[in-house]
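Coordinate-derived values only; no laboratory data. Worth saying up front: this structure is predicted, and the values here are computed from it rather than measured. FYI the Cβ positions are ideal-geometry reconstructions off the backbone, even for glycines, and counts take in every protein chain you see.
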Amino acid sequence: MIIKKKKITRLDVILGLLILAIAAYILYRIAVGLQYKWDWAAIPQYLFRYDEERNGWVPNLLMQGVFTTIRLSLWGTILATILGTIMGLCRVSHSLFNRLIGWTYVELIRNLPPLVLIFIFYYFLSGPIMSALGVDEFVKALSERTQGLLTFLFAPPSMFSPFLAALITLAIFEGAYITEIVRAGIQSIEKGIWEASHALGLSRWQLMRAVILPLVVQRILPPLAGQFISTIKDSAIVSIISIQELTFQGMELMAATYLTFEVWITITALYLILTLSLSLSVGRLEIYLRRSES
Amino acid sequence: MPEKMLGNDIITADKINKTFPNEVQALCDFSTRVRRREVLVIIGPSGSGKSTFLRCLNGLEEIDSGSIVIDGVPLDHKKENRLEIRKEVGMVFQLFNLFPHLTVLDNVSLAQRLVRKKSKKEASETSMELLRKVGIPEKANTFPNHLSGGQQQRVAIARALAMMPKVMLFDEATSALDPEMIGEVLEVMKNLAQEGMTMIVVTHEMGFAREVGDRMIFMEEGEIVEEGSPDQLFTNPKKERTGLFLSQIL
Ligand SMILES: Nc1ncnc2c1ncn2[C@@H]1O[C@H](COP(=O)(O)OP(=O)(O)OP(=O)(O)O)[C@@H](O)[C@H]1O
Ligand SMILES: [Mg+2]
């Protein structure tokens, strides 16, 4: 690989100055033109608040939102990876029927606006299916300790059913992209590796499980981690169905306090902390994997 | 060398034809029989169909017509038959094709465990024995890309032998190696032949062919031009084309 030396050209300088000037102008307009009164002091209490009963600091609205976002993204990515692996295998299957299933899934999901998907799945899943399955009754019948665990891992009992619907929707959405990552990963395995496995008499299932998938996992770990970051961003969309993740909490808070700019700047910062720290870790991971490869 | 006693036929290939989707006919009515303990050497110019023939023998390529029977099992459309044949036929490739995510030991053990259903311990013991046989027991816990080409190819031979095959196919096993490593691989192959392994060897190593081969086929454009003992082909070829080819590569 050739690494080009980064040089700052005159154009960069001009563009940089231009951006700074625009930013300064906007801030000036907000501060002076709109007569906006900044009130940053009001924000921290919405991150954490002091709980008299428990005698300690507990997460408030915004941090609760952060945790819900993390729960959604983490479980969503895990579910999506399982789904993506199955569908990815379908995509490279010998059977035309399986390939068709994989293809339909990917094309359907990728060619619909995510917002539409959310509504479709929400009304199907959360409405008829969830109640038919008796999810709510099931959760309410659980012992208090189990409910506590469920609340920690997923969502409180009252929100469990919509949370599950949102989670599944997110997983189905991200799963389509992971399907393509898995497919590309499988197809990137050299022909010789397949042939050597066939020549040893491994069945297709055996060679997939013991040879191809382990190799694929090694190769797709970085893009998969990237998809996890995407999931964090995409999870904002379930705010539309009242899942109390970060974006939803932001909207609530803004409606209640009218601290529009403070709230959204805080939300932006929180998302960036999540995604950028993960991006950096993914970069590390990539370097690490490449080193063990040589 | 004392005259080797050959057994009955183990491989029968009868009038096999193979045309690739791009209209290239790689094999035309190709027939041959291989006897137990026989070492058959196949030579021929590039693109003459040598690899295709080997790949047809273990079902890596499907033949269009003709028949292949290996140790009584016909290679047909039945999946079980194909898997059965692959168990009994080991193959060594030009580019080794080791599994990069597995250690040398696991590379050799994998198929024993999955296909032969051996226990981990039993498989490891067999693998170590084979690694000693190919001269690299000390590399058992190394990953393939930390090995030289010659070492990798010896692991690949051990991996194929681990299935206890009745036949071994070698497709230009030394062509991708640096000259100083060719010898160590040929040595392993020579020992194998002496132990009585039935082998089909595609190679450009004429010294090896002459020393180890019981029979030699010279093929061109998917057809056998001439076959006979290596000595006869080298010293007294019946076809002009054979002599020309051999004089070019010697
Ligand atoms: N998968 C394939 N698709 C199309 N054509 C193929 C394929 N494999 C081989 N061929 C063609 O079939 C013919 C025979 O190829 P084969 O690989 O058997 O030759 P070879 O004798 O092994 O040559 P070499 O000494 O170069 O390895 C060649 O013309 C080749 O281009
Ligand atoms: Mg070849």
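Which ones in the stretch B:157-182 are touching a residue at least 40 places away in the same chain (Cβ under 8 Å) and either touching a Cys at 6+ places or on another chain (Cβ under 7 Å) or away from ligand 2 (no atom under 16 Å from the Cβ) (or both)?
Filtering the stretch B:157-182 for residues touching a residue at least 40 places away in the same chain (Cβ under 8 Å) gives B:157-173, B:175-176.
Matches in the stretch B:157-182: B:ILE157, B:ALA158, B:ARG159, B:ALA160, B:LEU161, B:ALA162, B:MET163, B:MET164, B:PRO165, B:LYS166, B:VAL167, B:MET168.
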>> For the stretch B:57-87, which positions are within 16 Å of ligand 1 (Cβ to nearest atom) and out of contact with any Cys (no Cβ under 7 Å at 6 or more places or on another chain)?
In response: B:LEU57, B:ASN58, B:GLY59, B:LEU60, B:GLU61, B:GLU62, B:ASP64, B:GLY66
> When you scan the stretch B:226-249, how many residues do you find that are in contact with a helix residue (DSSP H, G or I) (Cβ under 9 Å, 6 or more places away or on another chain), touching a residue at least 24 places away in the same chain (Cβ under 8 Å) and surrounded by 13 or more Cβ atoms within 10 Å (Cβ to Cβ)?
Replying inline: 5
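Could you pull out the residue among A:LEU213, A:LEU276, A:LEU202 that is of a type in the set (A, V, I, L, M) and away from chain B (no Cβ under 14 Å)? First the steps, then the outcome.
Working: A:LEU213 fails: away from chain B (no Cβ under 14 Å); A:LEU202 fails: away from chain B (no Cβ under 14 Å).
Within the list A:LEU213, A:LEU276, A:LEU202, the selection yields A:LEU276.
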> Among the residues of the stretch B:25-70, how many are more than 16 Å from A:GLU195 (Cβ to Cβ) and away from ligand 2 (no atom under 13 Å from the Cβ)?
Replying inline: 23
>> Looking at the stretch B:166-183, can you tell me whether even one residue there is surrounded by 15 or more Cβ atoms within 10 Å (Cβ to Cβ), hydroxyl-bearing (Ser, Thr, Tyr) and more than 16 Å from B:LYS4 (Cβ to Cβ)?
In response: yes
>> Regarding the stretch A:261-270, can at least one residue be identified that is surrounded by fewer than 17 Cβ atoms within 10 Å (Cβ to Cβ) and under 24 Å from A:VAL182 (Cβ atoms)?
In response: no
>> within 14 Å of another protein chain (Cβ to nearest Cβ) and either more than 30 Å from B:PHE143 (Cα to Cα) or surrounded by 14 or more Cβ atoms within 10 Å (Cβ to Cβ) (or both): is that true of A:SER242 in this structure?
In response: no
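Here is a yes/no grid of residues against (1) surrounded by 15 or more Cβ atoms within 10 Å (Cβ to Cβ); (2) away from ligand 1 (no atom under 16 Å from the Cβ); (3) on the phi < 0 side of the Ramachandran plot; (4) among the charged types (D, E, K, R):
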{"site": "B:LEU6", "(1), (2), (3), (4)": "yes, yes, yes, no"}
{"site": "B:ILE16", "(1), (2), (3), (4)": "yes, no, yes, no"}
{"site": "B:PHE20", "(1), (2), (3), (4)": "no, no, yes, no"}
{"site": "B:ILE43", "(1), (2), (3), (4)": "yes, no, yes, no"}
{"site": "B:LYS50", "(1), (2), (3), (4)": "yes, no, yes, yes"}
{"site": "B:ARG55", "(1), (2), (3), (4)": "yes, no, yes, yes"}
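So that you can scan it fast, the table gives a plain yes or no per residue for (1) of a type outside the set (Gly, Ala, Ser); (2) in contact with a Pro (Cβ under 7 Å, 6 or more places away or on another chain); (3) within 14 Å of another protein chain (Cβ to nearest Cβ):
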position: B:SER127; (1), (2), (3): no, no, yes
position: B:ASP178; (1), (2), (3): yes, no, no
position: B:ILE182; (1), (2), (3): yes, no, no
position: B:VAL188; (1), (2), (3): yes, no, no
position: B:THR198; (1), (2), (3): yes, no, no
position: B:ILE217; (1), (2), (3): yes, no, no
position: B:GLY222; (1), (2), (3): no, no, no
position: B:PRO230; (1), (2), (3): yes, no, no
> Can you name the number of the only condition in (1) in contact (Cβ under 8 Å) with a residue 24 or more places away in the chain; (2) surrounded by fewer than 19 Cβ atoms within 10 Å (Cβ to Cβ); (3) over 14 Å from the mean Cα position of the chain (by Cα) that A:ARG209 fails?
Replying inline: (1)
>> On the basis of being without any contact (Cβ under 8 Å) to a residue 24 or more places away in the chain, touching a Gly at 6+ places or on another chain (Cβ under 9 Å) and either at the interface with chain A (Cβ under 10 Å from one of its Cβ atoms) or over 30 Å from B:SER229 (Cα atoms) (or both), does B:LEU75 make the cut?
In response: no
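So which residues in the stretch A:198-241 are hydroxyl-bearing (Ser, Thr, Tyr) and more than 29 Å from B:PHE99 (Cα to Cα), if there are any at all?
A:SER230, A:THR231, A:SER235, A:SER239
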>> Please pick out the residue among A:PHE152, A:PHE138, A:PHE160 that is out of contact with any Lys or Arg (no Cβ under 7 Å at 6 or more places or on another chain) and buried (at least 19 other Cβ atoms within 10 Å of the Cβ).
In response: A:PHE160
>> Would you confirm, using the coordinates I've provided, whether B:ARG241 is within 16 Å of ligand 1 (Cβ to nearest atom) and of a type in the set (Lys, Arg)?
In response: yes
> If we keep just the residues of the stretch B:170-227 that are of a type in the set (A, V, I, L, M, F, W, C), farther than 22 Å from B:LYS18 by Cβ and in contact with a Gly (Cβ under 8 Å, 6 or more places away or on another chain), which is nearest to ligand 1 (Cβ to nearest atom)?
Replying inline: B:ALA176
> Looking only at residues in the stretch B:129-152 that are under 20 Å from the mean Cα position of the chain (by Cα) and not in a helix (DSSP H, G or I), which one is nearest to the other protein chains (Cβ to nearest Cβ)?
Replying inline: B:VAL134
> If you go through the stretch A:223-246, how many residues are under 13 Å from the mean Cα position of the chain (by Cα) and among the β-branched types (Val, Ile, Thr)?
Replying inline: 5
> When you scan the stretch B:71-103, how many residues do you find that are closer than 22 Å to A:LEU213 by Cα, away from ligand 2 (no atom under 16 Å from the Cβ) and assigned to a loop (DSSP other than H, G, I, E, B)?
Replying inline: 6
